[in-house]
Number of protein chains: 2
Amino acid sequence: MTTVNRQITLAARPVGFPKASDFALVETPMPTQEAGQFLVRVVYLSVDPYMRGRMSDAPSYAAPVAIGGVMGGGTVGRVVSSQHADFQPGDFVEGMFGWQEYALSDGKMVRKVDPLAAPLETNLSVLGLTGLTAYFGLLDICDPKPDETVVVSGAAGAVGSIVGQIAKIKGCRVVGIAGSDMKVDYLTNELNFDAAFNYKTVTQYEDELKKLCPKGIDVYFDNVGGAITDAVFRRINPMARVSICGQISQYNLAKPEAGPRLLSILLMRQAKAHGFLVFQFAARYDEARAQLAEWVRSGKIKHREEFINGLPNAPRAFLHMLAGGNLGKQLVKISEP
Amino acid sequence: MTTVNRQITLAARPVGFPKASDFALVETPMPTQEAGQFLVRVVYLSVDPYMRGRMSDAPSYAAPVAIGGVMGGGTVGRVVSSQHADFQPGDFVEGMFGWQEYALSDGKMVRKVDPLAAPLETNLSVLGLTGLTAYFGLLDICDPKPDETVVVSGAAGAVGSIVGQIAKIKGCRVVGIAGSDMKVDYLTNELNFDAAFNYKTVTQYEDELKKLCPKGIDVYFDNVGGAITDAVFRRINPMARVSICGQISQYNLAKPEAGPRLLSILLMRQAKAHGFLVFQFAARYDEARAQLAEWVRSGKIKHREEFINGLPNAPRAFLHMLAGGNLGKQLVKISEP
């Protein structure tokens, strides 16, 4: 076995949209396992919009990655060796092992996964935090009812594509907003969204929403913020619920932008906007995962993963995802299962 | 009895802050009562910030007052004559009889009030929609817990002053924001707020909030919006709840102002902002009114009403309130009880 562990570290705090040079590929000695620990070889790494926040030292809900520190991230891996009673060599595990080829763990916040129950990579997509985010952010925050109109921004992304399909399962009219004609086609033809539009070619968002949501908008699942969200707010119905999952349009601005004041709309429409992180629902992950797995098995939820190979390409995969290049879940394949 | 009914009508849609000339005092014939109706002589008229919205034809939750139409408003009055089985001459009633000396009613949305149970005017303040707004907007929207920090803007106004006192009853640390040193004194010395500041003399709102709310802000009851609210948002804690009751800073702008984007803060803090109108809680008014009356009787809630006499002075009372000139509830006394 190799004695070297390769890692991607944060080389510089990005200004605006991150660059490849904000990351560094480093080689460190393989960590030494102690009693109560096990060593994991990382197989898949998830790259997600929230990671942009961790690269910044602006105040947020979690501490930033230190300069020179290993980038954090959700992964699936395989136990190589173990001095931990609950984990055996060969076990597949899901945990926050970060942007590296190997990681030590004490087993805390690590979940064993069954590679026969579902494809391994789905533990980072529809059956992982991505799917759980969609599940709780839509169902718990917004409580969508049959025949209500649900709008999803970032609709072809990992979370958005699942949100829309859950809303369809709940009997809603579902309208997606995405950044390419190919994505719009995917949403309406593959995932059975009722309608979708490309925000890069449509110029009058509010007019488009008026056309596609003739009965107004009851639920808005927001991944993007900015001008798209401003337009959606102007079309929400009385008693609307807005789930704020992400604000990706704002993450790469060199300085914060101003926008219309949206609280007046919440007041006039008796509506709520609720920011959430999936972690607040941790006690109910099993319930949600079982339901998601059932929907996947029965074909009610389709999912899609895109892979880029090799740890050195993780920054490229991240930047590709951040620019909206992916359809569904963007993963990095670090090693063979 | 007089054969003339005096009314205040909307003469012009205001641009920016309303002027006296936006209103007109008109004389009309006393309305003719028919079967199933009764005639009310208005005693007290409530003037409230929401009325500014009705003067505008911008989209809102309620239709605007027509040019030439009588200004709407909550009132207490006395039945003069009746052909309605449930209402007798001499009865005191609360209803939306508007800015006029007399009104016909069919009894719908009218509540009989007992002038011996509580001072008549309190049916428009602490025991009226004002108190109910404070009660539901704080307790139902924000669910404040003991030792949490509650910030109230527009704190010396009719709703804000009750909100703060209910929060004190619930064991919270309560910080008020108001527009004069006299109001700040009233809040801290009369109403037992833990702290308050004058937003017209304090220039660094966020620093002041940091000082007065050392453990951050768990609940924000917002009557004003704008720069004050921007500062409060920057100090909210994880899982904070924001009740959006009013946005008075925005009502008189000739054109909407831009502001910092607040949804990112809701996301980072896993917080919610919820706009509401008291009417959505109509099924529970009796429960709330009984509780408010008990708090008033036991001295836990103090309330204060200011009166301006005579229907012709109703516009002046409204403009005075809109400019923040009042402490507690601003009423117009239209006639003797």
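Points to keep in mind about this one:
- Hits in the range A:203-230 - residues which are in a loop (DSSP other than H, G, I, E, B) and surrounded by fewer than 17 Cβ atoms within 10 Å (Cβ to Cβ): A:THR203, A:GLN204, A:PRO214, A:LYS215, A:GLY216
- Of the residues making up the range B:66-106, those that are acidic (Asp, Glu) and out of contact with any helix residue (DSSP H, G or I) (no Cβ under 7 Å at 6 or more places or on another chain) number 3.
- The range B:92-109: number of residues that are assigned to a loop (DSSP other than H, G, I, E, B) and touching a residue at least 40 places away in the same chain (Cβ under 8 Å): 6
- Pairs meeting the criteria (first residue in the range B:315-337 and of a type in the set (Lys, Arg), second residue open to solvent by less than 30 Å² (accessible area, probe 1.4 Å) and assigned to a loop (DSSP other than H, G, I, E, B), beta carbons under 8 Å, at least 6 apart or on different chains) are B:LYS329/B:SER125; B:LYS329/B:VAL126; B:LYS333/B:GLY310.
- Scanning the range B:169-181 for residues that are open to solvent by 20 Å² or more (accessible area, probe 1.4 Å) and either among the hydroxyl-bearing types (Ser, Thr, Tyr) or in contact (Cβ under 8 Å) with a residue 60 or more places away in the chain (or both) gives B:ILE169, B:SER180.
- Members of the range B:94-128 found to be over 19 Å from the mean Cα position of the chain (by Cα) and closer than 25 Å to B:GLU27 by Cβ, listed by number: B:GLN100, B:GLU101, B:TYR102, B:ALA103, B:LEU104, B:SER105, B:ASP106
- Hits in the range B:28-58 (condition: in a loop (DSSP other than H, G, I, E, B), of a type in the set (Ser, Thr, Tyr) and at pLDDT 95 or above): none
- Of the residues in the range B:44-60, at least one is hydrophobic (A, V, I, L, M, F, W, C), closer than 21 Å to B:PHE92 by Cβ and under 23 Å from the mean Cα position of the chain (by Cα).
- Test for A:ASN326: is it of a type outside the set (Ser, Thr, Tyr) and either in contact with a strand residue (DSSP E or B) (Cβ under 6 Å, 6 or more places away or on another chain) or within 24 Å of A:PHE92 (Cβ to Cβ) (or both): yes
Conditions tested, residue by residue: (1) modelled with pLDDT under 95; (2) touching a Ser or Thr at 6+ places or on another chain (Cβ under 9 Å).
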| site | (1), (2) |
| --- | --- |
| A:ALA117 | yes, no |
| A:LYS145 | no, no |
| A:VAL152 | no, yes |
| A:ALA158 | no, yes |
| A:VAL163 | no, yes |
| A:GLY176 | no, yes |
| A:ASP185 | no, no |
| A:GLU206 | no, no |
| A:VAL219 | no, yes |
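- Residue pairs whose Cβ atoms lie under 7 Å apart, sitting 6 or more positions apart in sequence or on different chains, and linking a residue in the range A:217-240 that is at positive phi to a partner that is part of a loop (DSSP other than H, G, I, E, B) and open to solvent by 10 Å² or more (accessible area, probe 1.4 Å), are A:GLY225/B:ARG261; A:MET239/A:GLN270.
- Of the residues making up the range A:56-86, those that are β-branched (Val, Ile, Thr), closer than 22 Å to A:LYS112 by Cα and open to solvent by less than 30 Å² (accessible area, probe 1.4 Å) are A:THR75, A:VAL76, A:VAL79.
- Of the residues making up the range A:142-198, those that are touching a helix residue (DSSP H, G or I) at 6+ places or on another chain (Cβ under 7 Å) and part of a loop (DSSP other than H, G, I, E, B) are A:PRO144, A:GLY154, A:ALA155, A:ALA156, A:LEU191, A:ASN192, A:PHE193.
- Selection status of A:PHE23, surrounded by 13 or more Cβ atoms within 10 Å (Cβ to Cβ), closer than 18 Å to A:LEU331 by Cβ and modelled with pLDDT of 95 or more: yes
- If the condition is being open to solvent by 50 Å² or more (accessible area, probe 1.4 Å) and closer than 25 Å to A:SER153 by Cα, then the range A:26-55 contributes A:TYR50, A:ARG54.
- Scoring B:LEU132 on the criteria (1) among the aliphatic types (A, V, I, L, M); (2) open to solvent by less than 10 Å² (accessible area, probe 1.4 Å); (3) touching a strand residue (DSSP E or B) at 6+ places or on another chain (Cβ under 7 Å) leaves a single failure, condition (3).
- Evaluation of B:ASP91 against (1) farther than 27 Å from B:LEU319 by Cβ; (2) modelled with pLDDT under 95 (one fails), failing number: (2)
For (1) modelled with pLDDT under 95; (2) within 21 Å of A:PRO260 (Cα to Cα); (3) of a type outside the set (A, V, I, L, M), each residue gets a yes or a no:
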{"residue": "B:PRO256", "(1), (2), (3)": "yes, yes, yes"}
{"residue": "B:GLY259", "(1), (2), (3)": "no, yes, yes"}
{"residue": "B:ASN313", "(1), (2), (3)": "no, no, yes"}
{"residue": "B:MET321", "(1), (2), (3)": "no, no, no"}
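- Output for the range A:1-27, where each listed residue is assigned to a loop (DSSP other than H, G, I, E, B) and of a type outside the set (Val, Ile, Thr): A:MET1, A:ALA11, A:ALA12, A:ARG13, A:PRO14, A:GLY16, A:PHE17, A:PRO18, A:LYS19
- Enumeration of residues in the range A:187-198 that are under 18 Å from A:ASN223 (Cα atoms) and out of contact with any Ser or Thr (no Cβ under 8 Å at 6 or more places or on another chain): A:PHE193, A:PHE197
- Any hit, the range A:111-130, residues being in a loop (DSSP other than H, G, I, E, B), touching a Gly at 6+ places or on another chain (Cβ under 7 Å) and among the aliphatic types (A, V, I, L, M): no
- Total residues in the range A:29-59 satisfying the condition of being free of Cβ contacts under 8 Å to residues at least 60 places away in the same chain and in contact with a Gly (Cβ under 8 Å, 6 or more places away or on another chain): the figure is 1.
The values are calculated or read from the model by the stated rules, or taken from the named source; none is laboratory data. Just so it is clear, the model here is predicted, and its values are computed rather than measured. Cβ sites come from the backbone with ideal geometry, for glycine too, and all protein chains shown count toward neighbours. For the accessible areas, the whole protein counts, side chains as well, though only heavy atoms, and no ligand, DNA or RNA atoms are used. Shrake-Rupley method; radii C 1.70, N 1.55, O 1.52, S 1.80 Å.
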